[in-house]
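What follows is a set of notes on a single structure, which appears directly below.
Each value in this text was obtained by applying a stated rule to the coordinates, not by laboratory testing. On a predicted model such as this, the values are computed, not experimentally measured, just so you know.
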Amino acid sequence: AVEDIDWDALTVRGTCQEIEKRYLRLTSAPDPSTVRPEEILEKALLMVQNSQKNYLYKCDQLKSIRQDLIVQRTRNHLTVKHNFTANQVYEAHARFALEVGDLPEYNQCQSQLKILYAEGIKGCHMEFAAYNLLCVIMHSNNNRDLLSSMSRLSAEAKKDQAVQHALAVRAAVTSGNYVLFFRLYKTAPNLNSCLMDLYVEKMRYKAVSCMSRSYRPQVPVSYIAQVLGFSNGVLTNEGSDEKESDGLEDCVDWLKAHGACLVVDSNGEMQLDAKASSSTIYMPDPEDAVAHGDSSLAVNDFLTRTS
């Protein structure tokens with residue numbers, strides 16, 4: 001990462017006026033004519049935020065902005081309008097990474113944001129505190145990291161809506177309460193749902209496995225679609241529908257793909273055969289798995305790009 005290099009001896013003041021610039025790893029001292037000054041970097045960030053291009057393009061541009069910030073040693077704050085900080089760059093990059101599920105890039109941005117927040121640089125501290133909690137809760141098996149993250153929460157942070165939501169998700173995951181998990185998924189603030197997306201498949205599998213072992217003889221698929229987040233309806237504490245579900249077909253396809261045994265009762269309603277499914281349900285391998293990244297990120301863009 002560009003943040004790992006010691007730039008003290010390489011500090012420059014950029015003169016480049018191009019807003020769009022590809023990211024290239026430095027192999028020598030930076031040339032001021034290829035580094036953008038602060039006012040151009042601000043325009044570059046706005047350009048990326050308003051761009052309709054794919055994530056790979058945005059990631060490339062944001063890494064380039066981060067590099068120009070660092071070689072000019074303006075990581076902590078920019079002085080053009082006093083309203084543009086390095087936090088905005090890292091926060092924007094982290095949000096784009098969350099939207100496509102790029103956890104490695106998100107973690108890289110999050111590690112720098114922790115340093116900037118600790119130095120007193122203003123930003124969306126509460127929002128990213130919630131993201132950090134969700135990352136540890138759902139993508140780490142280390143309880144020590146979770147307890148450490150929770151112990152560092154201030155009294156103010158614990159009152160924040162996004163942080164409270166993350167703590168509620170932690171309670172649902174720890175207890176295996178899939179009904180609560182999907183209620184929280186539907187009401188997630190900010191981009192909390194993007195991190196929960198990465199755990200949805202696992203939670204659904206655990207839920208159906210639990211149903212197969214616990215319920216007899218059958219479970220209505222409409223109920224499963226409702227509690228596992230396939231439908232748009234919300235299950236209340238009394239177990240009633242607030243509105244009609246339209247995710248029944250998606251639920252049926254998901255159950256079939258995971259080896260569940262489905263039957264139709266005398267009323268024509270699709271049912272999960274709990275006893276049979278308890279020995280047939282399984283977690284299939286992802287169809288879009290690739291060696292690195294995500295197959296939906298248009299990797300061919302890099303292969304066809306001219307130098």
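Things to note:
- Region 158-218: C-alpha gyration tensor shape, a/c 1.5 cut-off, then a/b vs b/c: prolate
- Theoretical gain in end-to-end length, residue 210 to residue 250 [0.36 nm per residue, Cα-Cα removed]: 12.4 nm
- Cross-link partners of residue 63 among lysines, defined as those whose alpha carbon lies under 17 angstrom from its own and excluding same-chain residues fewer than eight positions apart: 21, 43, 53.
- Candidate cross-link partners of residue 158 among the lysines, defined by an alpha-carbon separation under 27 Å and a same-chain spacing of 8 or more, comprise 114, 122, 186.
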